[in-house]
Amino acid sequence: MDAMKFTIEDIGFMAEGLDNLWGAVPATIIERLREVCADPKKFWDRDNGIILRFHGEGFGMGLTLWQAWLATDASAPNIGPATVVNRTTGRSTRGKWSRYPTQADLLKAIQYAVFLPYGSHRKVSGRV
């Protein structure tokens, strides 16, 4: 997979190999993938759950951007930030990620999803 290096400009082309629950990934999602790759820290909370590949029916049959990152980087956090609720005020505060992906991490994750054989994302190193 490392032989081919992709850039943000290639996301539209790469997205032709992606699908979600409703079929081909729409232009709005392709634009969100470009945004999160351009500024991961700003958009990661919003976009980590984008479904890149859909396999089968039912809950848990999609490969998200976060899962693709986990599959391509053993040091990626497998637990998201905690939400803490103040018992006195009832207000909740969301914590920060222990690590954010880099642009290179996300491009590699998207490339992984594009070239992933159908139905195999559930078998990748037990992390997806």
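Scanning region 82-96 for residues that are in a strand (DSSP E or B) and aliphatic (A, V, I, L, M) gives Val84, Val85. Each residue in region 94-108 was checked for being hydrophobic (A, V, I, L, M, F, W, C) and either touching a Gly at 6+ places or on another chain (Cβ under 7 Å) or surrounded by fewer than 19 Cβ atoms within 10 Å (Cβ to Cβ) (or both), and 2 of them qualify. In region 86-100, the residues that are modelled with pLDDT under 90 form Cβ pairs under 6 Å with partners that are of a type outside the set (S, T, N, Q), at six or more places apart or across chains, as follows: Ser92/Val85; Thr93/Val84; Arg94/Pro81; Gly95/Pro81; Gly95/Ala82; Lys96/Pro81.
Ala113 passes every criterion in (1) part of a loop (DSSP other than H, G, I, E, B); (2) at pLDDT below 95; (3) within 23 Å of Ile29 (Cα to Cα); (4) not basic (Lys, Arg) apart from (1). In region 31-47, the residues that are part of a helix (DSSP H, G or I) reach residues that are among the basic types (Lys, Arg) and surrounded by 13 or more Cβ atoms within 10 Å (Cβ to Cβ) with C-beta atoms within less than 7 angstrom, at least six apart or across chains, in these pairs: Asp47/Arg32.
Scanning for something modelled with pLDDT under 90, among the hydrophobic types (A, V, I, L, M, F, W, C) and assigned to a loop (DSSP other than H, G, I, E, B), does region 59-71 turn up at least one residue? Checking region 59-71: at least one residue is modelled with pLDDT under 90, among the hydrophobic types (A, V, I, L, M, F, W, C) and assigned to a loop (DSSP other than H, G, I, E, B).
The values are calculated or read from the model by the stated rules, or taken from the named source; none is laboratory data. Values in this document were obtained by computation on a predicted structure and should not be read as measured data. So basically every Cβ, Gly included, is an ideal-geometry build from the backbone, and we count neighbours across all protein chains shown.
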